[in-house]
Amino acid sequence: MYLNIRRLLLGATIIFLTSLQPIQAQSQIAGAIKTENGQPLSFANVLLLSASDSSLIKGQVSGEDGGYLIKNVAAGDYLLKASMVGFLEYCSQPFQLKNQEGQMDLGSITLEEDVKELKAVEVVGKKPLFEQKIDRMVVNVEGSITAAGATALEVLERSPGVVVNRQNNSLSLAGKDGVVVMMNGKINRMPIAAVVQLLQGMPSSNIEKIELITTPPANFDAEGNAGYINIVLKQSNDKGLNGSYTLSGGYGRGSTASGGGNFNYRNNNINLFGDYSFSRLAQEQVFTFERQVLLNGETIGTKTISERDPIQRNHNARIGLDWNLSPKTVVGVLLSGYDNRWSMDALNRSTISRNGLPDTLLTIANDEVNHWKHFGGNLNFQHTIREGETLTLNADYLNYDNTNPTNYLITYNDGEDNFLFDEQTFSGKSTPIKVGVGALDYTKKFSEKIKMEAGLKGTISRFDNDVTVSRIENGVPENDPNLTAKYKLEESIGAAYTAFDLKLDDKSDLKLGLRYEYTNSNLGTEEQANIVDRQYGNFFPSAFLTRTFNDQNSANISYSRRITRPTFNDMAPFVIFVDPYTFFSGNAALQPSISNNVKVDYRFKTALFSVQYTVEDSAIARFQTRIIEGTNQQLIASENMKNRKTAAFTIAFPIKVTNWWRMQNNLIGSWQQVNAYLDGAPLQISTKNLRATWINMFTLPHDFSAELVGFYQTKGLFGTAEFLPIGALNFGIQKKFRGNAGTLRFGIDDILNSIKWRGESNFPEYNLVSKFEADFSQRTFKLTYSRNFGNKELKGSRQRQTGSEEERGRVN
């Protein structure tokens, strides 16, 4: 038991830096477990816990004489917990083990018999907010008070190293773009803007944890320069019928409401599970755009203020079944889907000035709908050939449908606000997407020191993008032939990988992997075929080296090579107008980018230190602004840069201020250099960025608890644009009712009303001077009630993924 627990702890802690660290002095803790009549109690569980967060340090089982001996314990503050079926649990007061060799004798512990009939055993573990594992950082969302009533997007904003750019609907991780988002290990093959919309409508009550995977291993697809964000939804492991439900409502310059529930039924060879969530967000937004252009010797200025009234309504559901055909064979089926509708009425006022004097005034009334529907199915087969040898087969089908109609009524006035004329414009986009995925994975454990993984995967994608832009003249729409077209994209990706896990010694582990991917991509229209026709293959090696020096020191060094392919919508052109002179579009000339990543992690006690360096060739930057030569028109589209270099560090450490006040502090700094081209001329810009997150957790009397969470981020780069500093403060308090009567939480988001995205591009030598401000979020007051129901008898669950983990995030 002791050796098994020790191996589990060593495998879950953080990894290699150097083997020349000094070994601290170690001590032992001894004692004995007995019954009320003084008899030795053998086979009792004895757990040594950290006094700061109750996390498990070591474990033992008492011997036949009731005695136990826990060896190699570093100095620190601990708790000792003893338990046995049929007896009441014992937990000691906190005690200190000093930094000296020797043995501490805790004497005899008496366990009292549980006189009540034992009907079930409930195991409750308190997880730390952040856990560093060999290849990922885990954020345990469950139990966070300020996360109650929040959305998945808001939880991501508070996670270490994650930056959510609501202005451009984008995500970055450790200072890098190209994040791939997964749900329960399944990639959402949607445009990143639609993924952000999905997360904005997903209640945090459905989330168990978030995994930040910056250097993915070989069994993951090579897609994504910044790595993966895996959002793990709740699924109970308990026998019988059980689940939970949550209701939440709030207000802040508009209403927010959400609700959801999940269930799990597990009996004998059958496990049926599912969940459903609903959300509606209707809060006002204000955008401001400004730019300045030199045209024919004159300075042309454009300023637009957009007052937006959006409503976002999301339905998300999934249901799954696992069936154990035999002790060695399991078949699983998973169905999932959503219906997410974002609609908006906006009033935009634009002023066009000539040499500082008003020349033209525009009023633009527009309404827009962005509606995403999705259905997906997965069939999973897993067979254990023999102990330590398994074969897994996945087949997936994913279907998406997106419609995006927008109407514009533009009123033109002269500089003195005299009416000139009206203009009506319509833009629409219909985008059905179909994806099929097949994957075969094989694992074999040759010995306690060698494990192999290998697999094959194939993905076929079909994508249509029907874009229409028309102007209404005399009540009759006339399509613009330059902006109207039907695009068709076909893409296939074949992949093969192998990886080896090697245990070098009792304290060192090595994982080596190699993946090969071949891509065939073709984009064309009904009028013009082969606008894009590419075939390319790449190798993607990865390596992880782990070293655990002792219980308080461990380290890791890793390397991986990644690819970021242009997303579907970024290649297939579309048009969205902000005003007649500012519009978003696609870029069929986008090329894939390749990155090389090196990362070093170090853990001392509960503090985490990380350093990472990335070089990305042909880096893709989204929403880059350009002025069309000889005009006042601004084009916003994705573009390739020559390269992007990023160095980042992360420091995360908890502080126990008092027994009732604990803090978690995270500091992430980055340096980024961008080499790009503007109007064909080389451009190099660089900046330093710092993001600090401060989390305070308070344990209060009478089953109350509270959290205070804040973050601040200095300016940083988004392609060639520069984002200005931003920060926020959130507060939450909760009351747990006894007798499983649920939990009530009250929270205030953005207390200082400070979340405003601001950015600028200041390159007058390239005729590019612009800035913007986007006020997405308001101070919001929320009330949330949640409750669990059903049986709590623990039974282990099957851990599996589907075959489309890496496909669901690249629909864009």
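Tell me whether the stretch 271-278 contains one or more residues that are polar (S, T, N, Q) and either closer than 30 Å to Pro580 by Cβ or under 26 Å from the mean Cα position of the chain (by Cα) (or both).
Scanning the stretch 271-278, I find at least one residue that is polar (S, T, N, Q) and either closer than 30 Å to Pro580 by Cβ or under 26 Å from the mean Cα position of the chain (by Cα) (or both), so the answer is yes.
If only one of Asn271, Asn225, Asn242 is polar (S, T, N, Q), assigned to a strand (DSSP E or B) and modelled with pLDDT under 85, which one is it?
Checking each option against the conditions leaves just Asn242.
Going through the stretch 51-102 one residue at a time, which ones are within 22 Å of Ile655 (Cα to Cα), in a strand (DSSP E or B) and not β-branched (Val, Ile, Thr)?
Leu56, Lys58, Gly76, Asp77, Tyr78, Leu79, Leu80, Phe95, Gln96, Leu97
Of all residues in the stretch 694-706, which are over 19 Å from Ile651 (Cβ atoms) and open to solvent by less than 10 Å² (accessible area, probe 1.4 Å)?
Ala706
For the stretch 277-317, enumerate the residues that are surrounded by 17 or more Cβ atoms within 10 Å (Cβ to Cβ) and aliphatic (A, V, I, L, M).
Correct list: Leu281, Val293, Ile300.
If you take the residues of the stretch 619-653 that are touching a strand residue (DSSP E or B) at 6+ places or on another chain (Cβ under 7 Å) and β-branched (Val, Ile, Thr), which of them is surrounded by the fewest Cβ atoms within 10 Å (Cβ to Cβ)?
Ile628
Within the stretch 551-579, can you find the residues that are outside any strand (DSSP E or B) and not polar (S, T, N, Q)?
Across the stretch 551-579, the qualifying residues are Asp551, Arg565, Pro566, Phe568, Asp570, Met571, Ala572, Pro573, Phe574.
Can you name the residue in the stretch 557-573 that is at pLDDT 90 or above and of a type outside the set (D, E, K, R) and is also nearest to Tyr518 (Cα to Cα) among such residues?
The extreme case among them is Ile563.
Scan the strands (runs of 3 or more DSSP E) fully inside the stretch 404-497 and keep the ones with 1 or more residues being buried (at least 20 other Cβ atoms within 10 Å of the Cβ).
Qualifying strands (runs of 3 or more DSSP E): 406-414, 419-445, 450-473.
Go through (1) polar (S, T, N, Q); (2) in contact with a Lys or Arg (Cβ under 6 Å, 6 or more places away or on another chain); (3) under 30 Å from Lys503 (Cα atoms); (4) modelled with pLDDT of 80 or more one by one and return the number of the condition Ser108 breaks.
(3)
Residue pairs, Cβ under 7 Å, 6 or more apart or interchain, first in the stretch 302-322 and over 26 Å from Val286 (Cα atoms), second hydrophobic (A, V, I, L, M, F, W, C) and surrounded by 20 or more Cβ atoms within 10 Å (Cβ to Cβ). List them.
Qualifying pairs under 7 Å: Asn316/Met202; Arg318/Leu334; Gly320/Phe273; Gly320/Leu334; Asp322/Val330.
Which ones in the stretch 715-750 are β-branched (Val, Ile, Thr) and open to solvent by less than 40 Å² (accessible area, probe 1.4 Å)?
Thr720, Ile726, Thr743, Ile748
Going by the structure shown, is Gln552 of a type in the set (S, T, N, Q) and without any contact (Cβ under 8 Å) to a residue 60 or more places away in the chain?
No; evaluated as a whole, the condition is false for this residue.
Give Asp414, Asp464, Asp422 a once-over and let me know the one that is at pLDDT 90 or above, in contact with a Pro (Cβ under 9 Å, 6 or more places away or on another chain) and closer than 22 Å to Phe577 by Cα.
Exactly one residue qualifies, and that residue is Asp414.
Does any residue of the stretch 334-344 turn out to be among the aliphatic types (A, V, I, L, M), crowded, with 19+ Cβ neighbours inside 10 Å and closer than 30 Å to Tyr265 by Cβ?
yes
Could you tell me which numbered condition Phe776 fails, if it satisfies all but one of (1) open to solvent by 70 Å² or more (accessible area, probe 1.4 Å); (2) farther than 30 Å from Asn267 by Cβ; (3) modelled with pLDDT under 90?
(1)
Report, ordered by the first and then the second residue, all pairs with beta carbons closer than 7 Å, sequence separation of six or more or different chains, a first member in the stretch 348-360 that is assigned to a loop (DSSP other than H, G, I, E, B), and a second member that is open to solvent by less than 70 Å² (accessible area, probe 1.4 Å) and not hydroxyl-bearing (Ser, Thr, Tyr).
The qualifying pairs are Asn355/Glu298.
Of the conditions (1) closer than 30 Å to Asp480 by Cβ; (2) open to solvent by less than 30 Å² (accessible area, probe 1.4 Å); (3) assigned to a strand (DSSP E or B), Thr548 satisfies every one except a single condition; which number is it?
Just one mismatch for Thr548, condition (1).
One line per residue, one yes/no per condition, for (1) of a type in the set (Asp, Glu); (2) in contact with a His (Cβ under 8 Å, 6 or more places away or on another chain); (3) free of Cβ contacts under 8 Å to residues at least 40 places away in the same chain:
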{"residue": "Tyr400", "(1), (2), (3)": "no, yes, no"}
{"residue": "Leu440", "(1), (2), (3)": "no, no, no"}
{"residue": "Asp464", "(1), (2), (3)": "yes, no, yes"}
{"residue": "Val469", "(1), (2), (3)": "no, no, no"}
{"residue": "Asn482", "(1), (2), (3)": "no, no, yes"}
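Can you find a residue that is under 24 Å from the mean Cα position of the chain (by Cα) and of a type outside the set (Phe, Trp, Tyr) anywhere in the stretch 573-591?
No: zero hits.
May I ask you to verify whether Glu765 is more than 17 Å from Thr256 (Cα to Cα), in a strand (DSSP E or B) and of a type in the set (Asp, Glu)?
The answer is no for Glu765.
Could you pull out the residue among Lys511, Lys507 that is open to solvent by 30 Å² or more (accessible area, probe 1.4 Å) and out of contact with any helix residue (DSSP H, G or I) (no Cβ under 8 Å at 6 or more places or on another chain)?
Lys511
What number goes with the only condition from (1) in contact (Cβ under 8 Å) with a residue 24 or more places away in the chain; (2) open to solvent by 10 Å² or more (accessible area, probe 1.4 Å); (3) within 17 Å of Gln624 (Cβ to Cβ); (4) of a type outside the set (S, T, N, Q) that Arg691 does not pass?
Unmet for Arg691, out of (1) in contact (Cβ under 8 Å) with a residue 24 or more places away in the chain; (2) open to solvent by 10 Å² or more (accessible area, probe 1.4 Å); (3) within 17 Å of Gln624 (Cβ to Cβ); (4) of a type outside the set (S, T, N, Q): (3).
Where residues in the stretch 111-121 are in a loop (DSSP other than H, G, I, E, B), surrounded by 10 or more Cβ atoms within 10 Å (Cβ to Cβ) and among the charged types (D, E, K, R), which of them is modelled with the lowest pLDDT?
Checked the stretch 111-121; the qualifying residue modelled with the lowest pLDDT is Asp114.
From Asn643, Asn596, grab the single residue that is in contact with an Asp or Glu (Cβ under 9 Å, 6 or more places away or on another chain), at pLDDT 90 or above and closer than 30 Å to Glu290 by Cα.
Asn643
The values are calculated or read from the model by the stated rules, or taken from the named source; none is laboratory data. For clarity, every value in this text was computed on a predicted model and none was experimentally measured. Neighbour counts are summed over all protein chains in view; Cβ atoms, including those assigned to glycine, are modelled from backbone coordinates with ideal geometry. Quick note on the areas: whole protein, heavy atoms, side chains included, nothing else; ligands and nucleic acids left out. Shrake-Rupley method; radii C 1.70, N 1.55, O 1.52, S 1.80 Å.
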